[in-house]
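K.L.:
Just passing along the structure, written as structure tokens.
The values are calculated or read from the model by the stated rules, or taken from the named source; none is laboratory data. In this text the structure is predicted, and so the values were computed from the model without any measurement. Glycine gets a Cβ as well: all are built from the backbone with ideal geometry, and neighbour counts include every protein chain shown. To get the accessible areas, we keep the full protein, side chains included, count just its heavy atoms, and leave off ligands, DNA and RNA. Shrake-Rupley method; radii C 1.70, N 1.55, O 1.52, S 1.80 Å.
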Amino acid sequence: MNYITLNNGEKMPQLGFGVYQIPNEETEEAVYQAIVAGYRLIDTAISYGNEAEVGAGVARAIAEGLVSREDLFITTKLFVNNVFNQETAATAIDESMTKLGLTYIDLVLLHQPYGDTYGAWRALATAQANGRVKSIGISNFDAAQMIEFTRMNDVKITPQINQIEINPWNQRKSDLAWHEKYHVQAEAWAPFAEGRHNLFTNPVLSEIAEKHQKSVGQVVLRWLMQRGVVALAKSTKPERMRENLNIFDFELADTEMDKIAELDMKESAFFDHHDPKIVEWFLDRIETK
Ligand SMILES: NC(=O)c1ccc[n+]([C@@H]2O[C@H](COP(=O)([O-])OP(=O)(O)OC[C@H]3O[C@@H](n4cnc5c(N)ncnc54)[C@H](OP(=O)(O)O)[C@@H]3O)[C@@H](O)[C@H]2O)c1
């Protein structure tokens, strides 16, 4: 496993396990199996509704002596309804710690670029100062929003992480350059674009995979590693969990990186966070929480 050092000196694994869309009743086992497979970074969120199950999987792995708490890097995210103001954010951090069953969380992110993000950031800064949260960051901020937030937040903390969609269809080349300039580590969600646009059978990716005797999934994750991005892969199948981790014994040549670069469609495989309909959709979800 490669480790990345964040702008506050904390280290995190470059490859992690995401639990979005894993059914609640499968989450504890999936997290436990992921730790057995070798994952040390686990990514959840309040909106996934499975923090308690993630905590149970982590607790089981620790109780069985597979890992110690310090070996693990657990991420959660505050949803839009937690980002009304500083107080709602502070309460949400407390509730997440309780649900996860942890005395500290390694990374807490603002899940979406909506709401009183500056107020919530103060709550995160306080939790970080108290040692209850080690690193703090943002998610789904584009480069322009990241720059403004980094320079205008009144606690003067540069986010350690910005977790954004990055995959072969939406490569974010310019965004990554801006993140490097501001020392904000980029982290990729949906590295496989959840299989959209037939990612797993794409001819260019398949040819590269065949040459290295690897799978398309492994090539995509390796491509992200070589771009200096932290990546989250999700699978409920232990065999695929292991497959996705087995990417540190080969290297893509520059010509292969160039071929993958040509696949860039420069737009989300899912939705645009600036689309008014999407903003409405996110805000509508607050009422259902
Ligand atoms: N910050 C955000 O807004 C945000 C948004 C989305 C996701 N995320 C985070 O990022 C993580 C990853 O993204 P994601 O779960 O949306 O999508 P993803 O990792 O791009 O794709 C997951 C899909 O790929 C399949 N898969 C995994 N490995 C495979 C392999 N080696 N070969 C073939 N198929 C494979 C999985 O199926 P099986 O499970 O059946 O194997 C699943 O259907 C999430 O779990 C979450 O933690 C964050």
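K.L.:
Is it fair to say residue 162 is open to solvent by 10 Å² or more (accessible area, probe 1.4 Å), within 13 Å of the ligand (Cβ to nearest atom) and either out of contact with any Phe, Trp or Tyr (no Cβ under 6 Å at 6 or more places or on another chain) or under 25 Å from residue 21 (Cβ atoms) (or both)?
P.N.:
no
K.L.:
Looking for something assigned to a helix (DSSP H, G or I), within 16 Å of the ligand (Cβ to nearest atom) and without any contact (Cβ under 8 Å) to a residue 12 or more places away in the chain - is there at least one such residue anywhere in the range 247-255?
P.N.:
So far as the range 247-255 goes, no, none of its residues is assigned to a helix (DSSP H, G or I), within 16 Å of the ligand (Cβ to nearest atom) and without any contact (Cβ under 8 Å) to a residue 12 or more places away in the chain.
K.L.:
Here are some residues: 185, 145. Which one is in contact with a strand residue (DSSP E or B) (Cβ under 7 Å, 6 or more places away or on another chain) and open to solvent by 20 Å² or more (accessible area, probe 1.4 Å)?
P.N.:
185
K.L.:
Among the listed residues 30, 56, 125, identify the single one that is over 21 Å from residue 233 (Cα atoms), modelled with pLDDT of 95 or more and among the hydrophobic types (A, V, I, L, M, F, W, C).
P.N.:
125
K.L.:
Test of understanding: among 269, 231, which residue is in contact with a Lys or Arg (Cβ under 9 Å, 6 or more places away or on another chain), crowded, with 18+ Cβ neighbours inside 10 Å and closer than 24 Å to residue 139 by Cβ?
P.N.:
Of 269, 231, the one residue that is in contact with a Lys or Arg (Cβ under 9 Å, 6 or more places away or on another chain), crowded, with 18+ Cβ neighbours inside 10 Å and closer than 24 Å to residue 139 by Cβ is 269.
K.L.:
Of the residues 205, 224, which is open to solvent by less than 10 Å² (accessible area, probe 1.4 Å), more than 7 Å from the ligand (Cβ to nearest atom) and farther than 21 Å from residue 43 by Cβ?
P.N.:
Among 205, 224, only 205 is open to solvent by less than 10 Å² (accessible area, probe 1.4 Å), more than 7 Å from the ligand (Cβ to nearest atom) and farther than 21 Å from residue 43 by Cβ.
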